[in-house]
Amino acid sequence: MEYIYASLLLYKAGKEISEENVKKVLEAAGVAVDEVRVKSLVAAIKNIDIAKVLEQAIAAPVAAAPVQAAPATAPAAEEKKEEKKEEESKELSEEALSEGFSALFG
């Protein structure tokens, strides 16, 4: 957990999240640094938009009431389905990254 906190501290301070900087933060906090965990953390963070993850963590999920729409034409319905699938795949990939990130240091 302290590795993630170190990376969040660096992010908040506007510093680069690099192996060297993470090590410095951990050493300053009196934590025994594990080189493998630091490398894994830095590699995992390269693929994550931290601002977006923090924004999603802060926002509380809101359940909307289902709305019944009038039947649409077939092409419009197909386009909506394709857009929904693309959105879901994006959400799933970001969720997978977040889960993988937390699994590294959970």
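All of the numbers you see were taken from the coordinates with simple rules; none came from a lab. The structure presented is a predicted model; accordingly, all values stated were derived computationally and were not measured. We place every Cβ from the backbone using ideal geometry, glycine too, and count neighbours over all the protein chains shown.
Rank by packing, highest mean first: peptides 32-38, 7-13, with packing defined as the count of other Cβ atoms within 10 Å averaged across residues. If you can, show how the numbers build up before the last one.
Working: 32-38: 12.3, 7-13: 15.6.
By packing density, highest mean first, the sequence is 7-13, 32-38.
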Full-extension gain between Ser40 and Glu2, please, as 0.36 nm times their residue separation minus the C-alpha to C-alpha distance. 12.3 nm
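Please arrange Ile4, Ile58 by counting, for each residue, the other beta carbons lying within 10 Å of its beta carbon, fewest first.
Numbers: Ile4 17, Ile58 7.
Taking fewest neighbouring Cβ atoms as first place, the list is Ile58, Ile4.
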